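Read-outs: derived from the displayed coordinates by stated rules, not from any lab. Note that this is a predicted model, so its numbers are computed, not measured. Here the Cβ is made from the backbone with ideal geometry for all residues, glycine too, and neighbour counts use every protein chain on show.
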Amino acid sequence: MTNRYNLAESSCDNVRPPVNDAVFLKKFAVSRHEIDMKKEAFRRWLRERLVTQNRLTMGSIVAMIAIGLVATLIEGVVFFLILWAGFIGSAPLAVLTTVGIQVGILGLTWLGLPKQLPDVQHEAELDGENVLISAAPNMTAVWTYGLGSMESDRTWVERLIGMLTLPQRMCLAAWFTWNRLQQLKGIAVDPCAMVIRLLHKEAERVELKKIVEEVQLADLPSTVRQLSLIDGVVFLTRQSVGLSLAPRLLDDIADWQTRQLKDQGGEL
């Protein structure tokens with residue numbers, strides 16, 4: 001069967017694609033979201049997508065470390081001046097006390113990290129059995145944890161604690177994001193690409209049950225956990241567990257498709 005998107009076999013072989021993406025796609029009557037990519041093309045797209053996401057994640061780590069170090073320095077100076085001027089006359093002792101306080105705050109904050117940034121657990125019934133599915137917190141949640149809640153209904157005590165622990169939270173957020181980066185580097189491309197291809201094809205919410213039926217997965221919980229790390233894969237948990245793709249991810253796939261069509265003469 002001839003692929004209707006195989007432009008290389010069409011009568012337009014010698015036509016150079018226009019520069020404008022929309023004009024190029026319209027010329028061959030192809031919608032940005034209707035090109036059916038092959039499995040290998042989706043694997044290539046996902047590898048490139050993960051490289052980009054890894055770089056962005058590393059940028060977040062650098063930013064968190066910078067904010068954390070500056071905040072730690074400011075907090076240390078304030079603590080030192082208060083202790084030295086109001087409580088301790090010895091500067092070296094004030095420095096040691098300041099360091100001890102900051103380390104103590106870091107330890108207490110670290111103990112509370114698993115409760116602040118936990119994996120979200122969902123139960124799904126598949127073939128009469130309950131399967132536990134985990135979803136990692138997204139980067140928005142990590143930044144919110146590091147910078148603190150912006151809710152206006154917090155008490156003054158909560159605001160004070162939030163300010164005092166901001167340097168430590170930012171440092172722990174950087175450490176958490178570093179671990180997330182290592183998990184991103186360990187993503188199994190093949191099963192994740194197959195699931196994303198199905199989500200792209202359906203262009204709507206896909207129930208976990210249908211994913212199991214359509215895609216052969218050796219380890220469903222592990223694959224779903226890895227999918228939760230990919231920016232743009234959306235978990236929908238109302239009544240049952242389902243997955244979908246955010247518009248930004250659909251746009252990224254469409255842009256990649258367009259570039260490939262131009263570079264390869266229309267075959268994906």
Discussion item. Over all directions, how big on average is the projection of the convex hull of the alpha-carbon atoms in region 182-256, in square nanometres?
Written reply: 5.1 nm²
Worksheet entry | Label point distance in nm, D255-N179, each placed 7 Å from Cα along Cα→Cβ | 3.2 nm
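In whole percent, what relative contact order does region 164-268 give with Cα contacts below 8 Å and a gap of six or more residues? Can you show the working numbers first?
Details: 78 pairs, mean separation 24.2, N = 105.
Taking the mean separation of contacting Cα pairs over the length of region 164-268, I get 23 percent.
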Worksheet entry | Neighbour-count order for L236, L160, L181, L199, fewest beta carbons within 10 angstrom listed first | L160, L236, L181, L199
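Can you tell me how region 149-205 classifies by the Cα gyration tensor, rounded, prolate or oblate, using a/c under 1.5 as the rounded cut?
Values: a/c = 8.17, a/b = 2.02, b/c = 4.04.
Since a/c reaches 1.5 but b/c is at least a/b, the shape of region 149-205 is classed as oblate.
In what order do V157, V195 fall by count of nearby beta-carbon atoms within 10 Å, going from fewest to most?
Working: V157 8, V195 23.
Fewest-to-most Cβ neighbours within 10 Å comes out as V157, V195.
So if I place +1 on the C-beta of Lys and Arg and -1 on the C-beta of Asp and Glu, and nothing else carries charge, what would the dipole magnitude of region 89-229 be about its Cα centre? I want it in debye, nearest 20.
Numbers: 12 positive and 15 negative charges, 153 e Å.
Here the size comes out at about 740 debye.
Quick check on packing: order 223-229, 243-249 by the mean number of other C-beta atoms within 10 Å, highest mean leading.
Numbers: 223-229: 20.9, 243-249: 16.1.
Per-residue Cβ counts within 10 Å, averaged per peptide and sorted highest first, yield 223-229, 243-249.
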Worksheet item: When every alpha-carbon pair in region 39-110 is counted, what percent end up more than 17 Å apart?
Response: 62 percent
Practice prompt. Could you let me know the centre-to-centre spacing of region 62-138 and region 197-268, using Cα atoms, in angstrom?
Written response: 34 Å
